[in-house]
1. Report whether or not ALA39 is out of contact with any Phe, Trp or Tyr (no Cβ under 8 Å at 6 or more places or on another chain) and at pLDDT below 90.
2. Out of SER143, SER193, I need the residue that is small (Gly, Ala, Ser), crowded, with 20+ Cβ neighbours inside 10 Å, modelled with pLDDT of 95 or more and closer than 18 Å to ASP49 by Cα. Which one?
3. Quick one: PHE128 ticks every box in (1) surrounded by fewer than 15 Cβ atoms within 10 Å (Cβ to Cβ); (2) touching a strand residue (DSSP E or B) at 6+ places or on another chain (Cβ under 8 Å); (3) assigned to a loop (DSSP other than H, G, I, E, B) bar one, so which box is it?
4. Of the residues that make up the stretch 58-81, is at least one in a helix (DSSP H, G or I), under 22 Å from PHE128 (Cβ atoms) and under 18 Å from the mean Cα position of the chain (by Cα)?
5. In the stretch 169-190, how many residues are of a type in the set (S, T, N, Q) and surrounded by 10 or more Cβ atoms within 10 Å (Cβ to Cβ)?
6. Looking at the stretch 26-57 only, could you name the residues that are under 19 Å from GLU119 (Cα atoms) and either in contact with an Asp or Glu (Cβ under 9 Å, 6 or more places away or on another chain) or part of a loop (DSSP other than H, G, I, E, B) (or both)?
7. Among TYR33, TYR82, which is the only one that is farther than 25 Å from ALA160 by Cα, of a type outside the set (Asp, Glu), modelled with pLDDT of 85 or more and surrounded by 12 or more Cβ atoms within 10 Å (Cβ to Cβ)?
8. Among the residues of the stretch 154-190, count how many are among the charged types (D, E, K, R), modelled with pLDDT of 95 or more and over 14 Å from GLU57 (Cβ atoms).
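The values are calculated or read from the model by the stated rules, or taken from the named source; none is laboratory data. For clarity, every value in this text was computed on a predicted model and none was experimentally measured. For neighbour counting, all protein chains shown are included, and Cβ atoms are generated from backbone atoms with ideal geometry for every residue, glycine included.
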Amino acid sequence: MLKHRCIALAVSLVCSVVLPSAWAARSLVITVYPHDELASISDKQLHDDFFQAWLDEMRSFTQHPIEVIFQRAIPGLTDIDYGAMTSIEILDAFTHEIDNQRSVRPFSFMNKDLLLTRESYDQSGLTFVAGLAQPSGNTAIASMTSHAVPGHEIGHMLSATHENAETHFNGWFCETYMVPNRVALRSNCYRYSDQNRAAIADYLKYNSN
């Protein structure tokens, strides 16, 4: 009998440790939709090149659970003819299809959807738009023109702003994720400024319960 009681007690202790942390915060889920043009690039390579540094940064200042998942070959979402559209039109079309195709999914500000494309948008001479997002919203588009672009657009969805971006010096000048107009000679810091970190942490805390 004592042996059984000890086993039961051990199980209850494990549950008391694990379950409250799962209940405490809803996971932030970033669903990435690689455009069909990226079929030859594996999810692992995209994750390693464009999302791992962002995940490392997030985990440096928040213990909030985060998932990055990939969804491929979805008509209406991953085959958008974005080359013939402006960035605003692309984001609107993507958002509309997300609303239609994910309507059965309960709404949550902790579900973020990002269309990843090879090329940038609104190209005119040497100027272009690398990405676009709904500020504090749930959808964004990001190009592969820089490894920092997805982190920039996800930052917008998590309430980070251009105004709180910074340039740091770590042996060379680097730009934090939210710098709006990047200088080619500067590197990526692959981090948010302290102000943007605080804003993101507050956003996650407010929207995860």
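1. Working: out of contact with any Phe, Trp or Tyr (no Cβ under 8 Å at 6 or more places or on another chain): yes; at pLDDT below 90: no.
No, not satisfied.
2. On the way: SER193 fails: closer than 18 Å to ASP49 by Cα.
Among SER143, SER193, only SER143 is small (Gly, Ala, Ser), crowded, with 20+ Cβ neighbours inside 10 Å, modelled with pLDDT of 95 or more and closer than 18 Å to ASP49 by Cα.
3. Only one criterion is unmet by PHE128, namely (3).
4. Of the stretch 58-81, the ones in a helix (DSSP H, G or I) are 58-61.
Subsequent filtering for residues that are under 22 Å from PHE128 (Cβ atoms) retains none.
Within the stretch 58-81, none of the residues are in a helix (DSSP H, G or I), under 22 Å from PHE128 (Cβ atoms) and under 18 Å from the mean Cα position of the chain (by Cα).
5. So in the stretch 169-190, the residues of a type in the set (S, T, N, Q) come out as 170, 176, 181, 187-188.
From the residues that got through so far, the ones that are surrounded by 10 or more Cβ atoms within 10 Å (Cβ to Cβ) too are 176, 187-188.
Residues that pass the stated criteria total 3.
6. Matches in the stretch 26-57: VAL32, TYR33, PRO34, HIS35, ASP36, GLU37, ALA39, SER40, ILE41, SER42.
7. On the way: TYR33 fails: farther than 25 Å from ALA160 by Cα.
Just a single option satisfies the conditions, and that option is TYR82.
8. Let us first name the residues in the stretch 154-190 that are among the charged types (D, E, K, R), namely 163, 166, 175, 182, 186.
Next, from what is left, pick out any that are modelled with pLDDT of 95 or more: 163, 166, 175.
Filter once more, keeping what is over 14 Å from GLU57 (Cβ atoms): 163.
Final tally of qualifying residues: 1.
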